[in-house]
Amino acid sequence: MSNYRSEKYLRIKSTSDNYEYFSKGILAESLFSIGMSSDQAQGIANQVADKVSTLTETQTKKKLVQIITSAIQEVDKRLAERYVVFEGDHEYKPIIILLAGVPGIGKSTLASDLSDRLEITNIIGTDMIREILRKTISSKLIPEIHSSSYEAYKYLKQNLNPILRRSIVGYEEQSRHIVVGVEAAIQSALYSRENTIIEGVHLAPNILKPEILNENHVVMILLCLEDESEHIKRIKSRGSQIEKRSSDRYIEAFPEIRNIQTYLVEEASKAGVPIIETSDSSKAIKKMMDIIWDKILLLDRKKRSEN
């Protein structure tokens, strides 16, 4: 809907004292939010625009949603159900999306894409939480948080004799500190009913509390990149884009980064966390949207059954 007032737009009565105007462009954006492809969204928007152009009387928003839903049902009934929920009262809220994965696999880019599609403005990176901890906790007290996740093992206590690779134990030790802040952010989002995306390497399924993973409003997804050469290529590209993060140190630590990915995939498999490969970003986004919308629809049905 749009507040742009023009005679060529159909006027929509949204409330007793408020009117909006139908906009084909905004409709296409809404259809994109439910996981529809760009071509499909534009096609449905054009079809609905043709339909409403024949209407001369003011329509209610409910009636317009019915017209749009009917058009979507001809393409995909599952997407039609999503649209009804998307345009509804959002009783399912909040939805909290955890995106785990090692550096350089496209995690931040996919998180940004998801936020645009799902209209989620609250995005938190675990790197940001680590930076806050670094400013408040001395490196003498907890030295492992003052390093990268793949170098934390260098600060392990000398008397520690881990069964796992030292890089994994160092990663775990750092993640345990970061996850405290992550869990606090999740509890805050649950309390305020604010849709939130949290992304970062520190989201290990075996370190997060089980009650967090089992929370109805939380969806966790592990992102991974199987092709090592593609992973190196992305890391080099990332290094050239971010001045403070030279790709050289990532390449030097690449074996440890890959070890952490293998570890995360194993732990995600044990915990039943969905694993999505990111070599094709469009396919990855589609899979993520399907997982997230399945959760949203489940929450919506549950909320309505309780009311």
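Some notes on this structure:
- Summed over the range 266-284, residues that are hydrophobic (A, V, I, L, M, F, W, C) and crowded, with 18+ Cβ neighbours inside 10 Å total 4.
Conditions (1) outside the structural domain of Ala189 (by TED's automatic domain parsing); (2) part of a helix (DSSP H, G or I); (3) closer than 30 Å to Val179 by Cβ, marked per residue:
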{"residue": "Ala45", "(1), (2), (3)": "yes, yes, no"}
{"residue": "Ile72", "(1), (2), (3)": "yes, yes, no"}
{"residue": "Ile105", "(1), (2), (3)": "no, no, yes"}
{"residue": "Ala111", "(1), (2), (3)": "no, yes, yes"}
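- Lys61 meets each of the listed conditions (1) buried (at least 16 other Cβ atoms within 10 Å of the Cβ); (2) within 27 Å of the chain's Cα centre (by Cα); (3) modelled with pLDDT under 85; (4) within 25 Å of Lys302 (Cα to Cα) apart from (2).
For every residue, the table says whether it meets (1) touching a residue at least 40 places away in the same chain (Cβ under 8 Å); (2) of a type in the set (D, E, K, R).
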site	(1), (2)
Glu131	no, yes
Ser139	no, no
His146	no, no
Ser149	yes, no
Ser175	no, no
Gln187	no, no
Glu194	yes, yes
Ile198	yes, no
Lys209	no, yes
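- If you go through the range 248-292 and keep only what is within 18 Å of Val218 (Cα to Cα), over 15 Å from the mean Cα position of the chain (by Cα) and not hydrophobic (A, V, I, L, M, F, W, C), you end up with Glu267, Ser269, Lys270, Gly272.
- Within the range 47-70, the residues that satisfy the criterion of being assigned to a loop (DSSP other than H, G, I, E, B) and touching a residue at least 12 places away in the same chain (Cβ under 8 Å) are Ser53, Leu55, Thr58.
- Residue match in the range 21-42 (condition: within 30 Å of Ile186 (Cβ to Cβ), among the aliphatic types (A, V, I, L, M), modelled with pLDDT of 90 or more and not in a helix (DSSP H, G or I)): yes
- Single unsatisfied condition, Tyr83 versus (1) in contact with a Ser or Thr (Cβ under 9 Å, 6 or more places away or on another chain); (2) surrounded by fewer than 21 Cβ atoms within 10 Å (Cβ to Cβ); (3) of a type in the set (Ser, Thr, Tyr): (2)
- Residue match in the range 36-51 (condition: in contact with a Lys or Arg (Cβ under 8 Å, 6 or more places away or on another chain), polar (S, T, N, Q) and farther than 25 Å from Leu298 by Cα): yes
The values are calculated or read from the model by the stated rules, or taken from the named source; none is laboratory data. What you are looking at is a predicted structure, and each value in this text was computed from that prediction instead of being measured. Note that each Cβ is placed from the backbone with ideal geometry, even for glycine, and that neighbours are counted across all protein chains shown.
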